[in-house]
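To keep things clear, I will list the structure first and then write my remarks on it.
The values are calculated or read from the model by the stated rules, or taken from the named source; none is laboratory data. None of these values were measured; they are calculated from a predicted model. Glycine gets a Cβ as well: all are built from the backbone with ideal geometry, and neighbour counts include every protein chain shown.
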Amino acid sequence: MDYAKEALKLHAKWNGKLETVPKMKIENRDDLSIAYTPGVAAPCLEIEKDKKNSYVYTGRAHTVAVISDGSAVLGLGNIGPEAGMPVMEGKCVLFKALGNVDAVPLCLNTQDTDELVQIISSLEPSFGGINLEDIAAPRCFEVEKRLQEKMNIPVFHDDQHGTAIVVCAALVNALKLAEKQNPTIVINGAGSAGVAIATLILKIGLGNVILVDKQGILTADMDLTSGQRGLIDKLNKEGKTGLLKDALVGADVFIGVSEGHIVSKDMIASAYEAGIEFFIQKPINSVEVEAVIKKVSDGLSMKRMVRKMQNIFMEDTSPAPVTVPDNSEQIENSLRTILTRIGIIGDIGSKDIISIVKYLVDHQDHADSLTVSDLCSRFCDTPKSMEQRIRRTAFNGLVNLAHLGLEDYSNEIFVDYSSTLYNFEQVRREMDFIRGKTDKHGNVRIKQFLNALASYCQ
């Protein structure tokens, strides 16, 4: 599909992507009198008594202003406020569609820092939060900082905070998969996004950061922006100098938030020769992404298989009791994490599951010979009721995993637990039930479920 052509056609047809729709109908005089005069005076007076009531009697609590000066719109540059409006409308659509938050696009006809701060701060009574968008660096840093200090509502700069959150979330999980600690992370692009990413990486302690821009590897003697200057003492612990290619020597992670095609074929080749797992760059190649997902999925499956083989080997060849963790709190924390991930930590049977699994871990030598009913009888006088609670809770986990699989077959939680805690064929059956392809639910093998949880704690 030619997205540019289609976008032009539909934007012209829509005449913008937003409209105002009232929550109430005006069908008679009473409706009008409640929505407007004289009834509207009552909430006005309540807000006068306490300004916090504006969050109760108006839409302020769920309304955000999406604000830009049009100086750094997408990769198009300083195209002005009018030209930036389609992007701001689009962001408002995302707020509503993905978060059910109402948003208003505001493109301001000034690129003066003082004026921006004055105008935006004056809007505070009308909104519950401010989303700054596509304001050029370094002005964006000062605007955001001064607004944070001046306003009593959240101020979020998408190009800084939004990008940093998404990148760091991906990085945290990538480092877990790669089992990599204290990596050297090269960030190319030291504008609003690059500085914000570096700041968050350092704040959560992910690794050593080397920040690169058109000057090369940033050092204290260079011409730096205020945002760069505030970070410079925390960067580049190895003391590297030179250009991007020099920064990439021995690096573990590369994050590009500058212009495209900055990385040469030779750099990519060197990265793969150094043992890099994945190298994805814009424009994103869907085939490569699918290959990455499959590789990750296969890797996780292999880890599970190795773990199972180790357990079997140890059972077959080692008559001595297997040493298990004696830290009850640690075991419970691990279990709570897993139950949280599959969405059943709040279910009534979750406490029962934790109790039995802790027993299984502590009594491996004979627990396998016990039935679920036998296990339950060790904890209460009504073992059947306990078993039913466990069964219902475990089934809810199966349903949750099935929904995850339908949304994203490569979802990490789905991949991790659909064939360990449960029989994968039963998960697929539940997915088919949700789709309406069958009238039969998936089944849960309770003993398998409990034993699998125990294996995660060993």
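Within this structure, E133 passes the test of being closer than 13 Å to S71 by Cβ, modelled with pLDDT of 90 or more and charged (D, E, K, R). Right, I217: under 20 Å from P183 (Cα atoms), out of contact with any Gly (no Cβ under 9 Å at 6 or more places or on another chain) and either at pLDDT below 85 or surrounded by 12 or more Cβ atoms within 10 Å (Cβ to Cβ) (or both) or not? Considered against the rule, which asks whether it is under 20 Å from P183 (Cα atoms), out of contact with any Gly (no Cβ under 9 Å at 6 or more places or on another chain) and either at pLDDT below 85 or surrounded by 12 or more Cβ atoms within 10 Å (Cβ to Cβ) (or both), I217 comes out as no. Remark: pairs (first residue in region 429-458, at positive phi and of a type outside the set (S, T, N, Q); second residue modelled with pLDDT under 85 and assigned to a helix (DSSP H, G or I); Cβ separation under 9 Å; 6+ apart in sequence or on different chains) are absent.
Listed by first and then second residue, the pairs linking a residue in region 143-165 that is of a type in the set (D, E) to a residue that is part of a helix (DSSP H, G or I), with Cβ atoms under 9 Å apart and 6 or more places separating them unless they lie on different chains, are E144/Q160; E144/H161; E144/S192; D158/K91; D159/C140; D159/S192; D159/A193; D159/A196. Of the candidates I217, I185, I201, the single residue that is assigned by TED's automatic domain parsing to the domain that holds G242 and touching a Cys at 6+ places or on another chain (Cβ under 9 Å) is I201. Can you say whether L147 is out of contact with any Gly (no Cβ under 8 Å at 6 or more places or on another chain) and either over 21 Å from F95 (Cβ atoms) or in a helix (DSSP H, G or I) (or both), as far as the supplied structure shows? Considered against the rule, which asks whether it is out of contact with any Gly (no Cβ under 8 Å at 6 or more places or on another chain) and either over 21 Å from F95 (Cβ atoms) or in a helix (DSSP H, G or I) (or both), L147 comes out as yes. Could you please give the count of residues in region 1-23 that are in a loop (DSSP other than H, G, I, E, B), within 16 Å of E89 (Cα to Cα) and more than 31 Å from the chain's Cα centre (by Cα)? Number of matching residues: 1. Whenever a residue of region 207-232 is at positive phi, its partners that are surrounded by 14 or more Cβ atoms within 10 Å (Cβ to Cβ) and outside any helix (DSSP H, G or I), lying with C-beta atoms within less than 6 angstrom and at least six residues away or across chains, give the pairs G207/P183; G207/I185. From the list E115, E133, the lone residue that is acidic (D, E), under 28 Å from T225 (Cα atoms) and touching a helix residue (DSSP H, G or I) at 6+ places or on another chain (Cβ under 6 Å) is E133. Considering G128, G75, the condition of being within 29 Å of the chain's Cα centre (by Cα) and farther than 22 Å from L18 by Cα is satisfied by G75 alone.
Does R378 satisfy the criteria of being out of contact with any Lys or Arg (no Cβ under 7 Å at 6 or more places or on another chain), in contact (Cβ under 8 Å) with a residue 24 or more places away in the chain and of a type in the set (K, R)? When the stated conditions are applied, R378 does not pass them.
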